[in-house]
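Q: Structure provided below as structure tokens; questions to follow.
The values are calculated or read from the model by the stated rules, or taken from the named source; none is laboratory data. Keep in mind it's a predicted model, so treat the numbers as computed, not measured. Ideal geometry is used to build each Cβ from the backbone, glycine not excepted, and the neighbour counts take in all protein chains shown. Please note that ligands, DNA and RNA were not included when accessible areas were found on the heavy atoms of the full protein model with its side chains. Shrake-Rupley method; radii C 1.70, N 1.55, O 1.52, S 1.80 Å.
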Amino acid sequence: MVASHLQQSRPRSSPAPRLAATLGVALVAPGVALAQTPAPAEPARGGALEEVVVTARSREESLYDAPLSISSFGAEEIENANLRDITDLSLVAPGFFYTPQVTFSSSRVTPALRFRGMTIPRNDPLEQLGGVFVDGMFLFGGVQSLTFDDIERVEVIKGPQSALFGRNTFSGAINFITREPSEDLAARASVNLESRGTYNVSGSVEGAFDERWSARLSAMSNERGAHFTATDGGDLG
């Protein structure tokens, strides 16, 4: 409406002034729109995001500053989500898939770690494209028996990590960071009961011996119930 008013206030016989007036409105209008746009409000201190510290590059740094694709789960998140083993971890970590593959070798199962769909048709742990580490130390086998009772944080790192973790990390790596024993005497117990006789019981006791030493003792017992009964009465599944 402003442009129409300026055009009608000029005589029809002078097209040059009308053009100048129209250009002037076109140049001024965006400035007016920008001036009316409110500046984004700063987030309140109470709603600020909590800083997550990771050690994927062998040093403590913010998760948002690390140039890696990392899914980090702290002790509180592990407890709230009831994560008990690496199978549960694969359900909440995007881009990571785990399955225990049955083999005919001396080991009962061999872990198959897949990051972003990358896999190979081999069961040998040394030929896997992903690796599992505990406090930065390579875990050759038995990851399916590793519980989260003594874990402070889990970092699932997607992408090649050979420069930081060595071999077996072409597609990614998982690093379990254990909890430091408390200096105060404390005890903890956990019981999980499921159908068909499946249960998981764990507990730990920790404390300080003196001013320099502290330790934690933990134990676990679990049983996976059978889903079927064979004709000879044996349990299956």
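Q: Checking Arg116 against (1) open to solvent by 80 Å² or more (accessible area, probe 1.4 Å); (2) modelled with pLDDT under 75; (3) charged (D, E, K, R), which test does it fail?
A: Failing condition for Arg116: (2).
Q: Okay, moving on. Checking Val92 against (1) under 14 Å from Asn175 (Cα atoms); (2) modelled with pLDDT of 85 or more, which single condition isn't satisfied?
A: For Val92, the failing item is (1).
Q: Out of the residues in segment 210-237 meeting the condition of being within 19 Å of Ser195 (Cβ to Cβ) and assigned to a strand (DSSP E or B), tell me which one is least open to solvent (accessible area, probe 1.4 Å).
A: Ser221
Q: Among the residues that make up segment 212-219, is at least one of them within 21 Å of Thr87 (Cβ to Cβ), free of Cβ contacts under 8 Å to residues at least 60 places away in the same chain and among the hydroxyl-bearing types (Ser, Thr, Tyr)?
A: No: segment 212-219 contains no residue that is within 21 Å of Thr87 (Cβ to Cβ), free of Cβ contacts under 8 Å to residues at least 60 places away in the same chain and among the hydroxyl-bearing types (Ser, Thr, Tyr).
Q: Can you confirm whether Phe176 is more than 30 Å from Leu236 (Cα to Cα), modelled with pLDDT of 90 or more and either surrounded by fewer than 12 Cβ atoms within 10 Å (Cβ to Cβ) or touching a strand residue (DSSP E or B) at 6+ places or on another chain (Cβ under 9 Å) (or both)? Lay out the reasoning, then the answer.
A: Values: more than 30 Å from Leu236 (Cα to Cα): yes; modelled with pLDDT of 90 or more: yes; either surrounded by fewer than 12 Cβ atoms within 10 Å (Cβ to Cβ) or touching a strand residue (DSSP E or B) at 6+ places or on another chain (Cβ under 9 Å) (or both): yes.
It is true that Phe176 is more than 30 Å from Leu236 (Cα to Cα), modelled with pLDDT of 90 or more and either surrounded by fewer than 12 Cβ atoms within 10 Å (Cβ to Cβ) or touching a strand residue (DSSP E or B) at 6+ places or on another chain (Cβ under 9 Å) (or both).
Q: Looking only at residues that are of a type in the set (Val, Ile, Thr) and in a strand (DSSP E or B) in segment 198-209, which one is nearest to Ile151 (Cα to Cα)?
A: Within segment 198-209, the match that is nearest to Ile151 (Cα to Cα) is Val205.
Q: Shifting gears a bit: If you take just the strands (runs of 3 or more DSSP E) that sit entirely in segment 123-197, which of them hold at least 1 residues that are hydroxyl-bearing (Ser, Thr, Tyr) and closer than 26 Å to Val53 by Cβ?
A: Working: elements: 130-134, 151-158, 172-178, 186-193.
The strands (runs of 3 or more DSSP E) meeting that bar are 172-178, 186-193.
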